[in-house]
Amino acid sequence: MISVAVMGYGTVGSGVVEIIEKNKKEVGEKSKDEVGVKYILDLREFPGDPYEDKVIHDFDIIANDPEVDIVVEAMGGIDIAYKYTKGALLKGKSVCTSNKAVVAEHGPELLQIARENNCSYLFEASVGGGIPILRPLNTSFTGEHIEEITGILNGTTNYMLTKMDEEGREYDDVLKEAQDKGYAERNPEADVCGHDACRKIAILTSLGSGKTVYYKDIRTEGITQIDKKDFEYAKKLNGSIKLLGLSRDVDGKILAIVAPFIVSDKSPLYAVRGVFNAIMVKGNMVGNTMFYGQGAGKLATASAIVADIVDCALNKGKTIDCTWKSEKAQMVDDREKVFEYFVRVKKDAFAELSECLGIREKITIDTADDEIGFVSAAVSEDKFFEAKDKYSNSMINYIRILDTEN
Ligand code: HSE
C-alpha cells in the first residue's frame, strides 16, 4: 500500500484526492500497488466532505508517520509550502507539487535534498497544468542540445489577448470578463504582469539547460500596456500579439525574456487561442516540437500530480533524478539580446526615432491619425531602451517581433 498525504485541500488538492479515489483501479495497476490518501492537511474543517475523517491540521503528523510515502504540496504560497516540502523530503518522503513559486525559488536545493534522502521532488503540474512537458524535457530529449524554448505559458493572458484580437475589445473590458469567468484573480498582477509566465520559463529553461536559471534574472514585461490599436497594427503585419516566455541558448549563455511579442500567422503559436497553452521546444537534432493543451484547471493540473505520484510509487526508495543542477546558468546581457521591434510613435518624432533604430517597414492604420507605426531594424536591448528613454514623450508603445521561424 502506498500512502499519500495531500497538503492543501483547495482546487488542486481536492482534484488529486478525487482522481486517486475515482481512478483507484488505474492508479493502483500503474503503480503496481494500491494507492490511498491517508491524510489531508488544511487549516480548515470540511464538514460533510466524503474525506472529512482524513483532515488534519498538524504537519508533524505527516512528517512523523513512517507509513506516508508520498506528500502532495498543493498549498500555494512560498514560505510554509517550502518548509513542509523540505521537512517531508528530509524524512525520505517524495513530494509532488504544482507550486511553481516554490519550484522557481527553491528548486535546486529541494532536488538536492531529495537526492540525499533517496526520494523524489517532482513538479510536472507546475508548468502547463495537464500538458506533459517537464517529463519529456527530462527524459525524451536526453540526446538533444536544447536550443530554444518558446511558450504561451499563461492561460489567463492568452484568453484576454485572444478576445482583444478577435473582438476588437480594450484591455480593461477583457480583464473584467476574465475575472468574471474565474480565469483572472481579483488582483491579476501575477498573470498580467508576466510573473507567472516568468517562473514557468525559468523552470523550463533550468530543465532544458541543466543549469539554474533564476526567475529574478529574467526581464519580464506584461500585457498591461497593450491596447486594441496594437492589434490593428499586428494584423497589418499578418500577426497577432501573444505573451511569450522565451529562452535561447546563445553560445552557451542563456537569453531569457517574458514579454508580449507579435507572432506571425505562419507560426504554430499564432493558432493557440483562449486559455490554451503551448510550448515549443527546439532541439539541435530533433528540430521543433510543440506541446499543447490546457495549462490550468482542477483536474488537468491534478492529473499531472497523480502521474508524478505513480512515478514516485514505482520508484519507492529511489530518486527520480532530473537534469536541473544547482550551477547557475550564465545569462546574456542586454547588448546580446537582439530583436526587431514594432514601435508606435507620435508623427513629429517618427523621422528621428526611425533613423535612430533603423526601419524595416512603415505601418499605418485608419483609426490613428496622430501616430505612425514602424518595424525597426534588429537592435540590441540596450540600444532600444536608450532610444526609448530619449524619446519617452513620443514613443506610444513597442512590442518585440518573434522571428518567423517560430
Ligand atoms: N494563472 C495561471 C494561468 C494558472 O492563467 O495560466 C496556471 O498556472
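Nothing in this text is a laboratory measurement; each read-out follows from the coordinates by a stated rule. Predicted, not measured: the structure shown is a model, and the values here were computed from it. All Cβ positions, glycine included, derive from the backbone under ideal geometry; neighbour counts span all protein chains shown.
Quick notes
- Overall, the ratio between the Cα radius of gyration of the stretch 338-401 and 2.2 N^0.38 Å, rounded to two decimals, is 0.99.
- A convex hull fitted to the Cα coordinates of the stretch 135-294 yields 110 cubic angstrom per residue.
- Percentage of interatomic Cα-Cα distances in the chain larger than 36 Å: 29
- Euclidean distance of C-alpha centroids, the stretch 322-372 and the stretch 214-256, integer Å: 10
- Evaluated with a Cβ-only charge set (Lys, Arg +1; Asp, Glu -1), the chain carries a dipole of roughly 660 debye about its Cα centre, given to the nearest 20.
- Hull volume per residue, based on the alpha-carbon atoms of the stretch 260-406 and their convex hull, is 188 Å³.
- Residues of type aspartates and glutamates that LYS390 reaches as a straight line, Cα spacing below 12 Å, ignoring anything fewer than 8 places off in the same chain: GLU352
- Modelled spin labels at MET285 and GLN225, positioned 7 Å past Cα toward Cβ, are 4.2 nm from each other.
- Distance between the 7 Å Cα→Cβ label points at ILE56 and LYS25: 3.1 nm.
- Charge context of ARG135, other residues only, Cβ under 9 angstrom, K/R +1, D/E -1: -3
- Helix content alone sets the calculated 222 nm mean residue ellipticity of the chain: runs of n ≥ 4 DSSP H residues at -39500 (n - 2.57) each, divided across all residues, give -10500 deg cm²/dmol.
- A straight Cα-to-Cα reach below 12 Å connects LYS235 with the aspartates and glutamates ASP165, GLU166, ASP265, residues fewer than 8 places away in its own chain not being considered.
- Only the Cβ atoms of Lys and Arg (+1) and of Asp and Glu (-1) were treated as charged; on that basis the dipole of the stretch 26-130 about its Cα centre amounts to roughly 400 debye.
- Efficiency of FRET between GLU34 and LYS318 - r from beta-carbon atoms, R0 25 angstrom, step 0.05: 0.80
- On full extension, the segment bounded by ASP348 and PHE46 gains 102.3 nm, given 0.36 nm per residue less the C-alpha separation.
- Contact order normalised by residue count of the chain, Cα under 8 Å, 6+ apart, percent: 18
- Per-pair calculated FRET efficiency, R0 = 30 Å: ASN118 and GLU177 via Cβ, rounded to 0.05: 0.05
- Across LYS236/LYS388; LYS93/LYS253; LYS163/LYS388; LYS282/LYS316; LYS32/LYS325, pairs whose alpha-carbon gap is larger than 26 Å: LYS93/LYS253; LYS163/LYS388; LYS282/LYS316; LYS32/LYS325
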